[in-house]
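K.L.:
One structure, pasted below without further comment.
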Amino acid sequence: MKCNAAVASIHEYLDGDLTREEISRLQQHLQGCPACSSRLDTLEKTNALFQALPAEAPPSYLSDRIMKSLPKTRRPAAWTSWVRRHPAVSAAAIFMVVMLSSFVAMWNQDKELSVSGDLDHVIIEGNKVIVPAGQHVEGDLTVVNGIAEIDGEVEGDLTVIDGSYTLASTAHIAGEVKEIDRAVDWIWYKVSSWFGTLAYGT
(Lines give C-alpha, C1' and ligand atoms only; values in the text may rest on other atoms or scores of the structure.)
Protein backbone atom coordinates (compact mmCIF):
# COMPACT_ATOMS: atom_id res chain seq x y z
CA MET A 1 0.00 0.00 0.00
CA LYS A 2 1.32 3.44 -0.93
CA CYS A 3 1.28 6.35 1.51
CA ASN A 4 -1.39 8.36 -0.34
CA ALA A 5 -3.74 5.37 -0.21
CA ALA A 6 -2.81 4.80 3.43
CA VAL A 7 -3.70 8.44 4.35
CA ALA A 8 -7.17 8.01 2.86
CA SER A 9 -7.56 4.68 4.64
CA ILE A 10 -6.51 6.25 7.96
CA HIS A 11 -9.46 8.69 7.84
CA GLU A 12 -11.84 5.88 6.89
CA TYR A 13 -10.40 3.79 9.74
CA LEU A 14 -11.07 6.53 12.26
CA ASP A 15 -14.64 6.83 10.92
CA GLY A 16 -15.10 3.05 11.26
CA ASP A 17 -15.69 2.53 7.54
CA LEU A 18 -12.98 -0.07 6.79
CA THR A 19 -13.48 -3.81 6.45
CA ARG A 20 -11.30 -6.31 8.33
CA GLU A 21 -9.20 -6.95 5.25
CA GLU A 22 -8.62 -3.22 4.68
CA ILE A 23 -7.70 -2.75 8.36
CA SER A 24 -5.22 -5.59 8.09
CA ARG A 25 -3.55 -4.07 5.00
CA LEU A 26 -3.41 -0.65 6.69
CA GLN A 27 -1.78 -2.10 9.80
CA GLN A 28 0.85 -3.83 7.67
CA HIS A 29 1.66 -0.49 6.00
CA LEU A 30 1.81 1.36 9.35
CA GLN A 31 4.30 -1.16 10.74
CA GLY A 32 6.75 -0.30 7.97
CA CYS A 33 5.99 3.45 7.58
CA PRO A 34 6.79 5.72 10.54
CA ALA A 35 5.28 8.84 8.81
CA CYS A 36 1.83 7.30 8.36
CA SER A 37 2.01 5.75 11.82
CA SER A 38 2.78 9.19 13.29
CA ARG A 39 -0.11 10.73 11.31
CA LEU A 40 -2.53 8.12 12.69
CA ASP A 41 -1.29 8.74 16.23
CA THR A 42 -1.79 12.52 15.87
CA LEU A 43 -5.30 12.12 14.44
CA GLU A 44 -6.28 9.70 17.22
CA LYS A 45 -5.11 12.16 19.87
CA THR A 46 -7.00 15.00 18.15
CA ASN A 47 -10.20 12.94 18.05
CA ALA A 48 -9.78 12.01 21.69
CA LEU A 49 -9.31 15.67 22.60
CA PHE A 50 -12.50 16.71 20.79
CA GLN A 51 -14.47 13.88 22.36
CA ALA A 52 -13.23 14.90 25.82
CA LEU A 53 -14.60 18.43 25.42
CA PRO A 54 -17.95 19.00 27.15
CA ALA A 55 -20.89 19.18 24.78
CA GLU A 56 -22.23 22.72 24.76
CA ALA A 57 -26.00 23.02 24.58
CA PRO A 58 -27.31 25.40 21.89
CA PRO A 59 -28.87 28.66 23.15
CA SER A 60 -32.63 28.54 23.78
CA TYR A 61 -33.34 31.21 21.15
CA LEU A 62 -31.54 29.34 18.36
CA SER A 63 -34.51 27.21 17.22
CA ASP A 64 -36.83 30.26 17.11
CA ARG A 65 -34.29 32.22 15.11
CA ILE A 66 -33.88 29.38 12.62
CA MET A 67 -37.65 28.97 12.21
CA LYS A 68 -38.12 32.70 11.63
CA SER A 69 -35.37 32.75 9.00
CA LEU A 70 -37.03 30.01 6.95
CA PRO A 71 -39.09 31.24 3.94
CA LYS A 72 -42.78 31.42 4.68
CA THR A 73 -45.19 29.31 2.68
CA ARG A 74 -47.33 31.52 0.47
CA ARG A 75 -51.02 31.16 1.02
CA PRO A 76 -53.32 31.64 -1.96
CA ALA A 77 -55.04 35.02 -1.98
CA ALA A 78 -58.65 35.11 -0.85
CA TRP A 79 -59.86 36.36 -4.22
CA THR A 80 -58.48 33.27 -6.02
CA SER A 81 -60.70 30.96 -3.98
CA TRP A 82 -63.65 33.28 -4.66
CA VAL A 83 -62.91 33.07 -8.40
CA ARG A 84 -62.89 29.26 -8.23
CA ARG A 85 -66.26 29.24 -6.47
CA HIS A 86 -67.89 31.72 -8.91
CA PRO A 87 -66.54 30.97 -12.41
CA ALA A 88 -69.48 32.52 -14.31
CA VAL A 89 -69.31 35.82 -12.44
CA SER A 90 -65.52 35.87 -12.82
CA ALA A 91 -65.78 35.33 -16.57
CA ALA A 92 -68.33 38.16 -16.85
CA ALA A 93 -66.10 40.46 -14.80
CA ILE A 94 -63.09 39.68 -16.98
CA PHE A 95 -65.16 40.34 -20.09
CA MET A 96 -66.24 43.73 -18.71
CA VAL A 97 -62.64 44.65 -17.85
CA VAL A 98 -61.52 43.76 -21.38
CA MET A 99 -64.38 45.78 -22.91
CA LEU A 100 -63.66 48.81 -20.71
CA SER A 101 -59.95 48.58 -21.56
CA SER A 102 -60.71 48.50 -25.27
CA PHE A 103 -63.09 51.45 -24.89
CA VAL A 104 -60.48 53.49 -23.06
CA ALA A 105 -57.84 52.56 -25.65
CA MET A 106 -60.16 53.66 -28.45
CA TRP A 107 -60.91 56.87 -26.55
CA ASN A 108 -57.21 57.68 -26.20
CA GLN A 109 -56.21 56.73 -29.77
CA ASP A 110 -59.03 58.20 -31.85
CA LYS A 111 -58.27 61.91 -32.22
CA GLU A 112 -59.50 62.54 -35.78
CA LEU A 113 -62.60 64.55 -36.54
CA SER A 114 -65.65 62.39 -37.13
CA VAL A 115 -69.14 63.60 -38.02
CA SER A 116 -72.26 61.47 -38.37
CA GLY A 117 -75.83 62.37 -39.25
CA ASP A 118 -77.45 64.31 -42.07
CA LEU A 119 -74.49 66.09 -43.66
CA ASP A 120 -76.27 67.55 -46.71
CA HIS A 121 -76.65 70.95 -45.04
CA VAL A 122 -73.46 70.88 -42.95
CA ILE A 123 -70.22 72.74 -43.68
CA ILE A 124 -66.92 71.27 -42.43
CA GLU A 125 -63.92 73.58 -42.13
CA GLY A 126 -60.89 71.92 -40.53
CA ASN A 127 -62.12 70.63 -37.18
CA LYS A 128 -65.20 72.91 -37.22
CA VAL A 129 -68.66 71.59 -38.14
CA ILE A 130 -71.07 74.37 -39.06
CA VAL A 131 -74.84 74.24 -39.49
CA PRO A 132 -75.52 77.55 -41.27
CA ALA A 133 -78.48 79.73 -40.41
CA GLY A 134 -81.61 78.74 -42.28
CA GLN A 135 -80.42 75.13 -42.77
CA HIS A 136 -82.07 72.06 -41.23
CA VAL A 137 -80.28 68.86 -40.20
CA GLU A 138 -82.69 65.92 -40.23
CA GLY A 139 -82.24 63.60 -37.20
CA ASP A 140 -79.26 63.48 -34.86
CA LEU A 141 -75.89 65.14 -35.39
CA THR A 142 -72.76 63.73 -33.71
CA VAL A 143 -69.39 65.51 -33.76
CA VAL A 144 -66.27 63.76 -32.44
CA ASN A 145 -62.99 65.64 -31.80
CA GLY A 146 -64.28 68.88 -33.25
CA ILE A 147 -66.21 72.10 -32.68
CA ALA A 148 -69.90 72.25 -33.53
CA GLU A 149 -71.17 75.68 -34.55
CA ILE A 150 -74.95 75.65 -34.76
CA ASP A 151 -76.61 78.63 -36.44
CA GLY A 152 -79.49 76.65 -38.01
CA GLU A 153 -81.69 73.81 -36.80
CA VAL A 154 -81.02 70.22 -35.74
CA GLU A 155 -84.18 68.11 -35.73
CA GLY A 156 -82.70 65.51 -33.34
CA ASP A 157 -79.98 65.32 -30.67
CA LEU A 158 -76.68 67.17 -30.86
CA THR A 159 -73.83 65.11 -29.37
CA VAL A 160 -70.31 66.53 -29.12
CA ILE A 161 -67.63 64.06 -28.01
CA ASP A 162 -64.25 65.38 -26.88
CA GLY A 163 -64.93 68.80 -28.35
CA SER A 164 -67.11 71.85 -27.85
CA TYR A 165 -70.14 73.58 -29.34
CA THR A 166 -71.60 77.03 -29.75
CA LEU A 167 -75.27 77.86 -30.33
CA ALA A 168 -76.21 81.04 -32.09
CA SER A 169 -79.40 82.94 -31.26
CA THR A 170 -80.91 81.54 -34.44
CA ALA A 171 -80.03 77.94 -33.47
CA HIS A 172 -82.75 75.43 -32.63
CA ILE A 173 -82.09 71.91 -31.27
CA ALA A 174 -85.22 69.73 -31.23
CA GLY A 175 -83.65 67.01 -29.07
CA GLU A 176 -80.98 66.95 -26.36
CA VAL A 177 -77.56 68.57 -26.39
CA LYS A 178 -74.92 66.16 -25.03
CA GLU A 179 -71.31 67.13 -24.46
CA ILE A 180 -69.10 64.16 -23.66
CA ASP A 181 -65.55 64.97 -22.62
CA ARG A 182 -64.67 62.07 -20.30
CA ALA A 183 -63.89 58.44 -21.06
CA VAL A 184 -66.56 57.12 -18.67
CA ASP A 185 -69.28 59.24 -20.30
CA TRP A 186 -68.10 58.12 -23.72
CA ILE A 187 -68.26 54.47 -22.67
CA TRP A 188 -71.80 54.96 -21.37
CA TYR A 189 -72.72 56.69 -24.62
CA LYS A 190 -71.32 53.78 -26.66
CA VAL A 191 -73.09 51.16 -24.54
CA SER A 192 -76.37 53.07 -24.73
CA SER A 193 -75.98 53.40 -28.50
CA TRP A 194 -75.36 49.67 -28.90
CA PHE A 195 -78.36 48.77 -26.76
CA GLY A 196 -80.45 51.19 -28.79
CA THR A 197 -79.26 49.57 -32.02
CA LEU A 198 -80.04 46.10 -30.67
CA ALA A 199 -83.46 47.12 -29.37
CA TYR A 200 -84.70 49.29 -32.24
CA GLY A 201 -82.36 48.41 -35.08
CA THR A 202 -81.39 52.05 -35.61
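K.L.:
Sorted by accessible area (1.4 Å probe), largest first, how do Ser60, Ser9 line up?
P.N.:
Most to least solvent-accessible, the answer reads Ser60, Ser9.
K.L.:
State the dimensionless ratio Rg/Rh of the stretch 3-51 (Rg: radius of gyration of Cα atoms; Rh: Kirkwood radius). Write out the running numbers ahead of the final one.
P.N.:
On the way: Rg = 10.4 Å, Rh = 10.9 Å.
Reported Rg/Rh, Kirkwood definition of Rh: 0.96.
K.L.:
Also, I was wondering about something else. Ranking request for peptides 21-28, 86-93: highest mean number of other beta-carbon atoms within 10 Å first, then the rest in descending order.
P.N.:
21-28, 86-93
The values are calculated or read from the model by the stated rules, or taken from the named source; none is laboratory data. Please read these numbers as outputs of a predicted model, since none were measured by experiment. A quick note on method: Cβ atoms are made from the backbone with ideal geometry, for glycine too, and the neighbour counts reach across all protein chains shown. SASA here: full protein model, heavy atoms, side chains in, ligands and nucleic acids out. Shrake-Rupley method; radii C 1.70, N 1.55, O 1.52, S 1.80 Å.
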